[in-house]
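S.K.: Supplied in structure tokens, the structure appears directly below.
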Amino acid sequence: MLTREENDLLCQTGPGTLCGELMRRYWQPAALSEELPQGGAPLPIRLLGEELVLFRDDQGRPGLLGLHCSHRGADLSYGRVEDGGLRCIYHGWLYDIHGRCLDQPGEPGGGAQRDSIRHPVYPCVEKAGIIFAYLGPGKPPLLPNYDLLTVGEEHVFATKLFTECNYLQGNEGNIDLIHNNFLHFDKRDLQSMTAEEAREARERYGAPEVLSGRGPAPGLGSPADRKPPSTAPR
């Protein structure tokens, strides 16, 4: 059993934490490409404990900026993608994907000091339907040349799952050799299936159209055939 101090050391990944500093030395998946279509709205994200905004400029390049404008702290996820960058809707400051301030409407001299602004920014690389970001110091390392990142689009399917746990708990489940795939329960959209696919889904999952259905293992029958879980004290 880990002590609280050991658990904090391994699980806390925010800025300034030891594990967070380690993870910032590696490329991290930030979003799916499909979440950031060309011409789409900026996407607010939280990555390794930092509040950020992801946008795609008018050349299609992804950029990852600190969420709050360097001027008055406005939320840049409400900004507009235009004129080569992301424009804050509060006073119009415009940032490119490198964190440079390109425009400062209303400032003395038309924003003569804008070149001194360096907004928080992190480099991005887009591969295999995923946008990766490097949050570490200095020049980022090369993105690993894994096969799954270099094959053609017809051989890649990128997805993401929302899991209410920290990364370590997730990895403990991923490398667990005891539990089997049939223990997993996934909701199914029966309306989009053929009659045969829907029949097989019901046989395998019992109640695949509801998340509360019990019966990920085959052969458990319909919900009406199953006994409710025991409420006896343990």
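The values are calculated or read from the model by the stated rules, or taken from the named source; none is laboratory data. The model shown is predicted, which means the values in this text are computed figures rather than measured ones. So basically every Cβ, Gly included, is an ideal-geometry build from the backbone, and we count neighbours across all protein chains shown.
S.K.: Give the residues of the range 1-19 that are surrounded by 13 or more Cβ atoms within 10 Å (Cβ to Cβ), part of a helix (DSSP H, G or I) and free of Cβ contacts under 8 Å to residues at least 60 places away in the same chain, sorted by residue number. Lay out the reasoning, then the answer.
M.R.: Filtering the range 1-19 down to residues surrounded by 13 or more Cβ atoms within 10 Å (Cβ to Cβ) leaves 7-13, 17, 19.
From the residues that got through so far, the ones that are part of a helix (DSSP H, G or I) too are 7-11, 19.
Across the range 1-19, the qualifying residues are N7, D8, L9, C19.
S.K.: Output the qualifying pairs, or none if there are none: Cβ atoms under 9 angstrom, residues six or more apart or on different chains, first residue in the range 189-209 and of a type in the set (S, T, N, Q), second residue at pLDDT below 75.
M.R.: Correct list of pairs: Q191/E209.
S.K.: So is P29 part of a strand (DSSP E or B) and touching a Ser or Thr at 6+ places or on another chain (Cβ under 7 Å) or not? Show your work before the answer.
M.R.: Values: part of a strand (DSSP E or B): yes; touching a Ser or Thr at 6+ places or on another chain (Cβ under 7 Å): no.
No.
S.K.: Next question, about the same structure. How many residues, within the range 1-41, are under 17 Å from the mean Cα position of the chain (by Cα), farther than 13 Å from L54 by Cβ and not polar (S, T, N, Q)?
M.R.: Qualifying residue count for the region: 6.
S.K.: For residues that are loosely packed, with under 10 Cβ neighbours inside 10 Å, over 25 Å from R56 (Cα atoms) and acidic (D, E), scanning just the range 130-182, find the one that is modelled with the highest pLDDT.
M.R.: Top of the filtered list is D147.
S.K.: Looking at the range 111-124 only, could you name the residues that are crowded, with 16+ Cβ neighbours inside 10 Å and of a type in the set (A, V, I, L, M)?
M.R.: Residues of the range 111-124 crowded, with 16+ Cβ neighbours inside 10 Å: 111, 114, 117, 119, 121-124.
Passing the criteria: I117, V121.
S.K.: Would you confirm, using the coordinates I've provided, whether L76 is within 22 Å of L32 (Cα to Cα) and either of a type in the set (F, W, Y) or in contact with a Cys (Cβ under 7 Å, 6 or more places away or on another chain) (or both)?
M.R.: Numbers: within 22 Å of L32 (Cα to Cα): yes; either of a type in the set (F, W, Y) or in contact with a Cys (Cβ under 7 Å, 6 or more places away or on another chain) (or both): yes.
Against the criterion (within 22 Å of L32 (Cα to Cα) and either of a type in the set (F, W, Y) or in contact with a Cys (Cβ under 7 Å, 6 or more places away or on another chain) (or both)), L76 qualifies.
S.K.: More than 30 Å from Q169 (Cβ to Cβ), surrounded by 12 or more Cβ atoms within 10 Å (Cβ to Cβ) and either charged (D, E, K, R) or touching a residue at least 24 places away in the same chain (Cβ under 8 Å) (or both), is that true of S70?
M.R.: Yes: the conditions hold for S70.
Residues checked against (1) assigned by TED's automatic domain parsing to the domain that holds R87; (2) touching a residue at least 40 places away in the same chain (Cβ under 8 Å):
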{"site": "Q113", "(1), (2)": "yes, no"}
{"site": "H119", "(1), (2)": "yes, yes"}
{"site": "C124", "(1), (2)": "yes, yes"}
{"site": "F132", "(1), (2)": "yes, yes"}
{"site": "L149", "(1), (2)": "no, no"}
{"site": "G152", "(1), (2)": "no, no"}
{"site": "V156", "(1), (2)": "no, no"}
